[in-house]
Each structure stands twice: as C-alpha cells, then as structure tokens.
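The values are calculated or read from the model by the stated rules, or taken from the named source; none is laboratory data. In this text the structure is predicted, and so the values were computed from the model without any measurement. Virtual Cβ from ideal backbone geometry, glycine too; neighbours counted across all protein chains shown. Surface accessibility is based on the protein's heavy atoms, side chains included, excluding ligands, DNA and RNA. Shrake-Rupley method; radii C 1.70, N 1.55, O 1.52, S 1.80 Å.
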Amino acid sequence: LGKYPQVSIKEARAECERLKQVKADGIDPNAYRKETKIKQEQALKNSFENVAREWFDTQRSKWVESHSSKIMRRFERDVFPYIGSKPIDTLEPPELLTLMKRISDRGAVETSHRALSDCGRVFRYGVGAGYCKSNPVRDLTGLLPTAETVNFPTLTEPQEIGELLRAMDVF
C-alpha cells in the first residue's frame, strides 16, 4: 500500500478495507490494483492539459513564436489551472462555459473568446486522435458576452482629408 510517511495510517486502513471488499466480491486484489493503476495512468494521459500540449506541439511549427507563446500562456494562465487535470472525455459544456465566464468577468472578454476557440481546436484534435467522442465547445456558440467595440472618429469630407494629407507632407 505504500510506506508510512507517504501513506498515512488512515489511508492504509481505508485501502485495506476496500481490498477486503474487492476480495469478498470474488475479484483478485492484485489484479484489481493493477487495473486501477492502469486506469489512473490512462486518465492522466487523457487529461485536457496533456491533449492540449500534444495538439500545441503538432501546430507549433505552423506559427510564429509570438503567436504560439500567446496561446500557451493563455492555456497556462486561464485554462489549465481549472480543467487541465480532468480527463478530456469527461468535460461538459456547462463546465467550459463557467470557465469562460470566469475569464470574461475579470474584464478579459476578448481573451475568453480566444480561449474558447483554442479549446475548441484542442477538442477537435482530441476527437480525431480518439481521446474524446465529441467537441463540447460547439454547443457554446453565442453564449459569451460580446466585446464592446469603440468606433474611432474619422474624416469624411474630401476637403478635410486634403488638409490632413498636406499637413502630413509638411511634417
């Protein structure tokens, strides 16, 4: 079950009771522990973070360094701390929507849209690679608040545009 400092006595007793129950159900405890360990390793391999990093590595060569660093920074800062350790095939649209609303609530509306788009690309890769069966991001279209756009003033009269061009030439 493990050595004392790493595994507490309480945890060891609970594990012992669980293995006794497994044996009472007619299952070999050693085979059960091996199967559990394999499932845990597979769940870790299928975590959203691992699949996202795998997708990122396949796409990195197509991007310039500044773009790839922005994408990875966005994942590491806004996405991985909340859903990175979860298996990709267990993530549901409400969970992703909550994450994106958390990002937009801090005032980063455009970042939430970009993070959602990046997550969608990871899920598309995951579906193609066999890590998950569907892309939950496609169900979230239109649910995030839109970013406010600010129109900048412009010159509309031809005479004003001519004055601006002459002033630029003099400068």
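Tabulated results
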quantity: Residues within the stretch 119-171 that are of a type outside the set (A, V, I, L, M, F, W, C), surrounded by 15 or more Cβ atoms within 10 Å (Cβ to Cβ) and without any contact (Cβ under 8 Å) to a residue 60 or more places away in the chain, tallied; calculated: 4
quantity: Qualifying residue in the stretch 34-57 (condition: outside any helix (DSSP H, G or I), open to solvent by less than 100 Å² (accessible area, probe 1.4 Å) and of a type in the set (Phe, Trp, Tyr)); calculated: no
quantity: Count of residues meeting criterion [surrounded by 12 or more Cβ atoms within 10 Å (Cβ to Cβ) and under 27 Å from LYS86 (Cα atoms)] in the stretch 19-33; calculated: 5
quantity: Candidate set from the stretch 58-88 (those that are within 11 Å of the chain's Cα centre (by Cα) and among the small types (Gly, Ala, Ser)); member that is most open to solvent (accessible area, probe 1.4 Å); calculated: SER85
quantity: Wholly enclosed helices (runs of 4 or more DSSP H) of the stretch 83-171 bearing at least 1 residues modelled with pLDDT of 95 or more and in contact with a Lys or Arg (Cβ under 7 Å, 6 or more places away or on another chain); calculated: 109-129
